[in-house]
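Each remark here refers to the structure printed beneath this line.
The values are calculated or read from the model by the stated rules, or taken from the named source; none is laboratory data. Since we're looking at a predicted model, the values are computed, not measured. Cβ coordinates were reconstructed from backbone atoms using ideal geometry, including for glycine residues, and neighbour counts include every protein chain displayed.
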Amino acid sequence: MVLKTATSAIIRCQNVTYKKFDSLSKSEKTILDNINFEINRGEFVSIIGENGCGKSTLSKLLNGLILPTSGNVFVNNLNTKEPKNNLEIKKFVGLVFQNPESQIIEATIEEEIAFGLENLCCSPEFISQKIKQVLEYVDLKGFEKISTNTLSGGQKQRLCIASVIAMEPKVIIFDEPTSMLDTKSKKVIIDLILKLKKELNITIILITHNVDEAILADKVLIMDDKFHNKLFENPKEVLCSPKFINYEKFEYLTSSYILNSLKKLGYEVDTTKIDINDCAEEILNLLRNQKHATNK
Ligand SMILES: Nc1ncnc2c1ncn2[C@@H]1O[C@H](COP(=O)(O)OP(=O)(O)O)[C@@H](O)[C@H]1O
Ligand SMILES: [Mg+2]
């Protein structure tokens, strides 16, 4: 009999617990406690949770930068605890952090993108072709010789994404990539993330505080005991539910709050009409029906 242990999940967290010695309290602190979920190839999963709940810790566990205290993380069916899997896992899962400044180390854009490729011993021809290709992809075409410190925050974040996609990862984890950007640059980054999923079939894990962003995903992991640290199949349903919007720990969508409040007052409204125009239309319909009823 052949024992089948491999699954189709590209990322698998099995009873993952992570503890760390806290120098302040001089005791061991449990940062993640028995986390279980699976992510399939090509999925877009968002992760939300309050500050300090362990989101960044989880992102580091998912590419083997740190190892679970107990339980296992499998990436493409490779256990992160096996030292021989280390390089393959790091190549498989790319990380984009919140602050692009902390990721950029080189003086020019081409040197920044070449850095990781040189470490993989790629040929100079391959590297220069790749630099062109990824810069075009992130809309920084022709920026090769530009100094990295002349870029705006949004351009720096796009450069970080270009450096990561140059390594051809199958999964990219974005750890709050828009939290330091203005509204316009936020949209550019989110559109780029959606493009990576659609065109390159890259599996996306987006850590965010922003419900507008989290709701765009195929699934959402809510890192909170009240939601059992669970991966939900339908982000719209859970992030617009009264349980979520009445929970003081999280921000919520204004449109979803208005619709839920109207429903609570007994009005017949569809609480999933969270797009601002749909929400306005839902309220207008309600007013029209009321007017119609009083005119009768
Ligand atoms: N190197 C470390 N040493 C001790 N505690 C840490 C370390 N890194 C993170 N922590 C603690 O782990 C918890 C989770 O941190 P983090 O994963 O950064 O949370 P989040 O990204 O959700 O804000 C926090 O309470 C933080 O203080
Ligand atoms: Mg964090």
Next item on the list: Kindly check whether there is at least one residue in the stretch 115-138 that is in the same structural domain as Val238 (by TED's automatic domain parsing), closer than 25 Å to Leu239 by Cα, modelled with pLDDT of 95 or more and crowded, with 16+ Cβ neighbours inside 10 Å.
Entry: no
Margin query: So, restricting to helices (runs of 4 or more DSSP H) that lie completely within the stretch 82-175, which ones have at least 3 residues that are hydrophobic (A, V, I, L, M, F, W, C) and touching a residue at least 24 places away in the same chain (Cβ under 8 Å)?
Written below: 109-119, 124-137, 153-166
Check: Looking only at the stretch 271-296, which residues are closer than 16 Å to Ser241 by Cα and at pLDDT 90 or above?
Finding: Cys279
Notebook entry, point to check: Among the residues of the stretch 274-289, is any within 16 Å of Ala214 (Cα to Cα) and of a type in the set (D, E, K, R)?
Noted result: yes
Next item on the list: Return a yes/no flag: does the stretch 31-39 have any residue that is farther than 18 Å from Phe74 by Cβ, in a strand (DSSP E or B), under 21 Å from the mean Cα position of the chain (by Cα) and among the aliphatic types (A, V, I, L, M).
Entry: yes
Notebook entry, point to check: Applying the selection to the stretch 249-262, what residues are assigned to a helix (DSSP H, G or I) and either at pLDDT below 90 or within 31 Å of the chain's Cα centre (by Cα) (or both)?
Noted result: Thr254, Ser255, Ser256, Tyr257, Ile258, Leu259, Asn260, Ser261
Next item on the list: Could you grab me the full set of residues in the stretch 154-193 that are hydroxyl-bearing (Ser, Thr, Tyr) and under 22 Å from Glu50 (Cα atoms)?
Entry: Thr178, Ser179, Thr183
Next item on the list: Give the residue that is farthest from ligand 2 (Cβ to nearest atom), with candidates limited to residues of the stretch 202-215 that are in a loop (DSSP other than H, G, I, E, B) and out of contact with any Leu (no Cβ under 7 Å at 6 or more places or on another chain).
Entry: Asn210
Checklist line | Subset of the stretch 171-209 [away from ligand 1 (no atom under 14 Å from the Cβ), of a type in the set (D, E, K, R) and more than 12 Å from Phe44 (Cβ to Cβ)] | finding: Asp182, Lys184, Lys186, Lys187, Asp191, Glu199
Next item on the list: Only one of these is buried (at least 19 other Cβ atoms within 10 Å of the Cβ) and either at pLDDT 95 or above or more than 13 Å from Ile202 (Cβ to Cβ) (or both): Ile146, Ile161. Name it.
Entry: Ile161
Item checked: When residues of the stretch 40-57 are limited to those that are of a type in the set (A, V, I, L, M, F, W, C) and part of a strand (DSSP E or B), the one farthest from ligand 2 (Cβ to nearest atom) -> Phe44
Notebook entry, point to check: Can you spot a residue in the stretch 234-243 that is closer than 21 Å to Ile10 by Cβ and either crowded, with 17+ Cβ neighbours inside 10 Å or not assigned by TED's automatic domain parsing to the domain that holds Ile165 (or both)?
Noted result: yes
Note to self: Just to be sure before I move on: is Lys60 in contact with a strand residue (DSSP E or B) (Cβ under 9 Å, 6 or more places away or on another chain), part of a strand (DSSP E or B) and within 14 Å of ligand 1 (Cβ to nearest atom) in the structure I sent?
What the structure shows: no
Margin query: Looking only at the stretch 210-223, how many residues end up being closer than 14 Å to Ile39 by Cα and away from ligand 1 (no atom under 16 Å from the Cβ)?
Written below: 3
Margin query: Residues that are closer than 30 Å to Glu248 by Cα, in contact (Cβ under 8 Å) with a residue 12 or more places away in the chain and in a loop (DSSP other than H, G, I, E, B): does the stretch 184-201 have at least one?
Written below: no
Next item on the list: Could you run through the stretch 11-53 and say how many residues are within 14 Å of ligand 1 (Cβ to nearest atom) and not small (Gly, Ala, Ser)?
Entry: 21
